[in-house]
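**Q** Next up is a structure, given as C-alpha cells.
The values are calculated or read from the model by the stated rules, or taken from the named source; none is laboratory data. Keep in mind it's a predicted model, so treat the numbers as computed, not measured. Because the Cβ atoms are built from the backbone with ideal geometry, glycine has one as well, and the counts that use them run over all protein chains shown. For accessibility, only protein heavy atoms count, side chains too; no ligands or nucleic acids. Shrake-Rupley method; radii C 1.70, N 1.55, O 1.52, S 1.80 Å.
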Amino acid sequence: MPQPRPASFARFLLWLLALLGLLMLVVTFTPLDSWWATKLAGGWPNPQGDVLIVLGGSRASRDGIIAWDSYVRSMYAVRSYREHPYALVVLSGGTGGSVKVGSSMRDFVQSQGVPEAVLRVEERSRSTHENALYTAEMLKATPGKKVLLTSDYHMYRALRAFRRAGLGVSPHPIPDAFKRGATWDGRWPAFLDLAVENAKIGYYWIRGWI
C-alpha cells in the first residue's frame, strides 16, 4: 500500500495552520461575535406582556450560586420587571443536581425586589426542548401575552422550540454574547458559545424540535 507523501502532509498542515490563524484574527479583531449574536437574537425587541418566561442556563453550584448565563438572564429579568411589572414571572430550569437552576434564579430575583407572589418555578427541565414542553404545560390555562427572555445566542432555538411546543411567545433577547464580544477577553468565550449553539440548532432541527 502506498504511503502518504511527506510533502502532501506538510502542505495540509500548513493550510490547517493558516486557517486556524485566520480564524484567530477574525475572532480577535473583528465584530464577528456581536454580528453573529444579533443574527441569532433576531434583533433587539423589548416587548411587554402579562407573563415573563426566563430560561435558565448552566447548572447551579452545590451551594445554590447560579452560573453566569443564568445570572445575566435573571438580572435582565429583574430590570424588565421593574420597567413593566408582569402578573407572572416563570423561571424555567432544572439541569440536574440537587440544586435546581429555576429555584436558584427565583431566590436571586426575589432578593432583587421581585415579589414572591408573582414567581413560579419550572424545575423539571434539563434542556431547551424540555423548558418549552414543561413551561407550555404549566401555562396552558394561563391567559395573557407571554414574553420569552433568554440570551441573544440562545433565542433562535428557544423561540422556535416554544412555538413548536404550542406556546406562543414574543422574544425578548438580552445582549449576552453581544456584549462579551465587545471586549478582548470576552470574544473567544462568546465565540465558543455561539459555535456550540449553532451545533445545537442543527441537532434540534434534525430531531424536529424546532
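**Q** For Gln110, which of the numbered conditions (1) within 25 Å of Glu197 (Cβ to Cβ); (2) without any contact (Cβ under 8 Å) to a residue 24 or more places away in the chain fails to hold?
**A** (1) is the only condition that Gln110 fails.
**Q** State all residues of segment 69-79 that are closer than 14 Å to His172 by Cα, open to solvent by 10 Å² or more (accessible area, probe 1.4 Å) and not charged (D, E, K, R); if no residue qualifies, say none.
**A** Val72, Met75, Tyr76
**Q** Related question: Quick check, is Glu116 within 16 Å of the chain's Cα centre (by Cα) and surrounded by fewer than 22 Cβ atoms within 10 Å (Cβ to Cβ)? Lay out the reasoning, then the answer.
**A** Details: within 16 Å of the chain's Cα centre (by Cα): no; surrounded by fewer than 22 Cβ atoms within 10 Å (Cβ to Cβ): yes.
It is false that Glu116 is within 16 Å of the chain's Cα centre (by Cα) and surrounded by fewer than 22 Cβ atoms within 10 Å (Cβ to Cβ).
**Q** Testing His129 on (1) touching a helix residue (DSSP H, G or I) at 6+ places or on another chain (Cβ under 8 Å); (2) part of a helix (DSSP H, G or I); (3) open to solvent by less than 20 Å² (accessible area, probe 1.4 Å); (4) in contact (Cβ under 8 Å) with a residue 60 or more places away in the chain, one condition comes back false. Which one is that?
**A** In the conditions (1) touching a helix residue (DSSP H, G or I) at 6+ places or on another chain (Cβ under 8 Å); (2) part of a helix (DSSP H, G or I); (3) open to solvent by less than 20 Å² (accessible area, probe 1.4 Å); (4) in contact (Cβ under 8 Å) with a residue 60 or more places away in the chain, His129 misses (3) alone.
**Q** Let me ask another. Going through segment 152-191 one residue at a time, which ones are of a type in the set (Gly, Ala, Ser) and either assigned to a strand (DSSP E or B) or open to solvent by 30 Å² or more (accessible area, probe 1.4 Å) (or both)?
**A** First, pick out the residues of segment 152-191 that are of a type in the set (Gly, Ala, Ser): 158, 161, 165-166, 168, 170, 177, 181-182, 186, 190.
Scanning segment 152-191 gives Ala165, Gly166, Gly168, Ser170, Ala182.
**Q** Which residue pairs have Cβ atoms closer than 6 Å, lie 6 or more positions apart in sequence or on different chains, and pair a first residue in segment 182-205 that is over 17 Å from Ser58 (Cβ atoms) with a second residue that is outside any loop (DSSP other than H, G, I, E, B) and open to solvent by 60 Å² or more (accessible area, probe 1.4 Å)?
**A** Short answer, once both residue conditions are applied: none.
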